[in-house]
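No lab work stands behind these numbers, since they all come straight from the coordinates. None of the values given here were measured: they were computed from a predicted structure. With ideal geometry, Cβ positions are generated from the backbone for all residues, glycine too; neighbour counts draw on all protein chains shown.
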Amino acid sequence: MSLDRVSKRGESISANVLRHWSKVVAYILPSAALLALVLLLPFATQAQKATVANTTESLPAGPMQGKATTACTECHEARIILQQRLSKAAWTKEVDKMVKWGAVVDVADRDALIDYLSSNFSPDKSSYDPPTSTRQKARR
């Protein structure tokens, strides 16, 4: 006896079962996704607020601090910028590359952003000294 029996419609039983379960999944999946979103959204927004607060404080004060924070920390932490020691030409290439990758930098702000980065993170500046926690300070 064959496992692929035929229903009254002429379909195999396995095709009929598959069609039934695909309807069940199509009905349940959106509800499960919505429930997961509702449950996890508060945690995601708290983490995002903490990250934005930390990155704003990390970048040096200046007329382009806000725009640098907005453009750069959309994809990575401010620490990535703070570690760099690049010339103006290298910052120009870096900013242009990031714009090609999707960083939102207004054309009118491009040169001022490059000036901000190259004056605060140039090769003649001292190397990046990451902040230490209280625990790390106690060990020293």
(message) Suppose the chain between ALA103 and SER58 were pulled fully straight at 0.36 nm per residue; how much longer would it get relative to their current alpha carbon spacing?
(response) 14.3 nm
(request) With a point put 7 Å past each Cα toward its Cβ, work out how far ASP124 is from ASP96 in nm, to one decimal. (result) 2.4 nm
(message) I'd like the Karplus ³J(HN,Hα) series for segment 120-125: coefficients 6.51, -1.76, 1.60, θ = phi - 60°, whole numbers in Hz, and an x wherever there's a Gly or Pro.
(response) 8, 10, 8, x, 7, 7
(message) With N set to the number of residues, divide the alpha-carbon radius of gyration of segment 13-128 by 2.2 N^0.38 Å and report two decimals.
(response) 1.67
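Give, in nm to one decimal, the length gained when the segment between GLN84 and VAL38 is fully stretched (0.36 nm per residue of separation minus the Cα-Cα distance). Let's see the in-between values first.
Numbers: separation 46, 0.36 × 46 = 16.56 nm, distance 3.87 nm.
Using 0.36 nm per residue and subtracting the Cα-Cα distance, I get 12.7 nm.
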